[in-house]
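Asker: Structure provided below as structure tokens; questions to follow.
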Amino acid sequence: RLSKAQRRRSYRKRNFHHVSHHISRNAKPLKISFRVRTAAKKKLNLFYGKFTEKKLKNFFKVSFFDSKTKFKHCRKEDLLIANLESRLDSILFRSNFFRSFRQTRQFLSHGGVSVNGQLQLSSNYKVQQGDVIEILEKKQELIKQNVLSSKFFPITPRYLQIDFSTLTIVVVEDVNIFKVPFLFPFWLNLK
């Protein structure tokens with residue numbers, strides 16, 4: 001026969017578990033969705049350079065708003081990728097002019113790129129169809145070295161027309177999700 005203290009201890013051991021106590025029945029789906037969201041953020045940061053949490057949320061808000069107002073036939077996930085791909089730093093990186101997004105953004109901040117004849121310092125600039133992106137002549141040596149050492153030299157997105165001799169890029173078509181999927185080497189859940 002057990003004493004009262006032993007019964008209390010055994011009761012606590014069997015019925016009380018500090019991890020599962022006060023967890024609602026929705027906890028497991030929440031845990032899984034948190035894991036999926038975190039993995040998606042990591043992949044986006046890996047693929048588009050590091051963004052702050054605030055900036056990523058802003059991208060999602062803009063794409064959600066655009067899917068409700070301007071482009072009602074498009075999904076917000078597709079608009080998010082199209083918005084990220086139409087940024088100036090993304091276009092310069094996809095054209096194999098730079099080795100990383102960090103190098104691209106640093107080059108932009110030092111004033112090495114002009115869009116339609118105007119000096120552009122912001123990597124956040126949204127490029128549209130018909131825009132001409134040029135690298136200033138003083139700063140072309142770094143780009144030529146990067147292009148020659150690139151493993152993906154001839155592979156460029158089909159919405160860009162690139163002249164590697166003068167280092168100019170012309171955006172031939174609007175960027176949309178159907179022209180981008182070959183760039184993703186992984187599955188990305190953006191819901």
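Asker: When residue 54 is evaluated against the numbered criteria (1) surrounded by 12 or more Cβ atoms within 10 Å (Cβ to Cβ); (2) without any contact (Cβ under 8 Å) to a residue 40 or more places away in the chain, which criterion, by number, is the only one it fails?
Answerer: (1)
Asker: Does at least one position in the stretch 69-88 carry a residue that is in a loop (DSSP other than H, G, I, E, B), modelled with pLDDT of 85 or more and surrounded by 12 or more Cβ atoms within 10 Å (Cβ to Cβ)?
Answerer: Here is the first cut: in the stretch 69-88, the residues in a loop (DSSP other than H, G, I, E, B) are 69-75, 86.
Next cut, modelled with pLDDT of 85 or more only: 86.
Remaining after also requiring surrounded by 12 or more Cβ atoms within 10 Å (Cβ to Cβ): 86.
Checking the stretch 69-88: at least one residue is in a loop (DSSP other than H, G, I, E, B), modelled with pLDDT of 85 or more and surrounded by 12 or more Cβ atoms within 10 Å (Cβ to Cβ).
Asker: Let me ask another. If you take the residues in the stretch 155-165 that are assigned to a loop (DSSP other than H, G, I, E, B) and surrounded by 11 or more Cβ atoms within 10 Å (Cβ to Cβ), which one is modelled with the lowest pLDDT?
Answerer: Within the stretch 155-165, the subset assigned to a loop (DSSP other than H, G, I, E, B) is 155-159, 164-165.
Subset that is surrounded by 11 or more Cβ atoms within 10 Å (Cβ to Cβ): 155-157, 159, 164.
Numbers: 155: 73, 156: 76, 157: 79, 159: 84, 164: 84.
In this case the residue turns out to be 155.
Asker: Taking the residues in the stretch 124-154 that are assigned to a loop (DSSP other than H, G, I, E, B) and without any contact (Cβ under 8 Å) to a residue 40 or more places away in the chain as candidates, determine which candidate is surrounded by the most Cβ atoms within 10 Å (Cβ to Cβ).
Answerer: Our first condition is that a residue be assigned to a loop (DSSP other than H, G, I, E, B); within the stretch 124-154, this holds for 124-125, 127-131, 136, 150-154.
Still in the running and without any contact (Cβ under 8 Å) to a residue 40 or more places away in the chain: 124-125, 136, 151, 154.
Numbers: 124: 11, 125: 19, 136: 12, 151: 6, 154: 7.
Step by step, filter the stretch 124-154, then rank; the result is 125.
Asker: May I ask you to list the residues in the stretch 128-175 that are aromatic (Phe, Trp, Tyr) and more than 13 Å from residue 97 (Cα to Cα)?
Answerer: Just the residues of the stretch 128-175 that are aromatic (Phe, Trp, Tyr), to begin with: 152-153, 159, 164.
Correct list: 159 only.
The values are calculated or read from the model by the stated rules, or taken from the named source; none is laboratory data. None of the values given here were measured: they were computed from a predicted structure. Virtual Cβ from ideal backbone geometry, glycine too; neighbours counted across all protein chains shown.
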